[in-house]
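Let me begin by presenting the structure, written as structure tokens, before commenting on it.
The values are calculated or read from the model by the stated rules, or taken from the named source; none is laboratory data. All figures in this text were calculated on a predicted structure; none of them were measured in a lab. Using ideal geometry, Cβ is built from the backbone for each residue, glycine included, and neighbour counts are taken over all protein chains shown. Note: accessible area is taken over every heavy atom of the protein model, side chains too, but ligands, DNA and RNA are not part of it. Shrake-Rupley method; radii C 1.70, N 1.55, O 1.52, S 1.80 Å.
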Amino acid sequence: MENMMYKLKSCFIILTGIMLLKAPSEIKAQDVALKFNAGTLGAGIELVADVSESVNIRLGGNIFGLTRSWDAYTTTDFEIATEINLKNITFLADWHPFKSSNLRVTGGLVWNQNEFAGIMTPVRSYTIGGDVYTPEDLGDVIATFDFPDFAPYAGIGFGSPFRSSSFGVNFDLGVFYQQSPSVTLHAEGLLQPTESQAPVMENNLSWANLYPVFTLSFFYEI
């Protein structure tokens, strides 16, 4: 897996380099734009530089947090709380293959600090063999899901700060390869043995190695 990730990262770095290696006649004074983004990466800002007639480079950061709680079952045996913490930095290069179109192809890297967690809390007592076990006896179970730091990104987009008016809207659609999540379980009380189920959860989530990206942006050319 590490060898495959190294190859993927290398391919995307080479792709970005090829996109930036333009003939000197294409290089011009850089135009710069600021973008305000919202989407599946969170909310953030991005700086865009126009380095040639067909290539832009972008550096951005996004952040978002959300906590939600609900009863897991109609019998209210447990309460489930989920936490989403999105923190990521993107370095991307856009290639515009057609001079008459705002279509762009994007590649790059994401510094991925996204983290997801779930907390299961018992809310009722159980009687087994005449013994009563309270929620405090059972204890909480906390599951944390995190990912490797770097992930290659590929996508397409429409719109450019340098091909229309200096203020406008564009969007990106893509995916980055985050690998399958690493699962950490922490349990207390009588539920502590469930910590051993972390490898099982990782195996069940082996399919969750791609993160979909949709971003709506408002841009302003500086």
Practice prompt. For a quick protection proxy, order the peptides 58-66, 46-54 by their average other-Cβ count within 10 Å, most packed first.
Written response: 46-54, 58-66
Item to complete: Over the residues of segment 110-206, compute the C-alpha Rg and express it relative to 2.2 N^0.38 Å.
Response: 1.76
Practice prompt. With a/c under 1.5 counting as rounded, go ahead and sort segment 61-182 into rounded, prolate or oblate using the C-alpha gyration tensor (a ≥ b ≥ c being the square roots of the eigenvalues; past the cut-off, prolate if a/b is larger than b/c, else oblate).
Written response: prolate
Discussion item. If a paramagnetic tag sat 7 Å from the Cα of E202 along the Cα-Cβ line, which residues of segment 169-191 would have the backbone N under 15 Å from that point?
Written reply: 179-186
Worksheet entry | Inter-site label distance for V32 and F167 at 7 Å from Cα along Cβ, in nm | 2.0
Worksheet item: Taking all protein chains as present, what is the carbon and sulfur share of the accessible area of segment 167-222, in % to the nearest whole number, probe 1.4 Å?
Response: 67
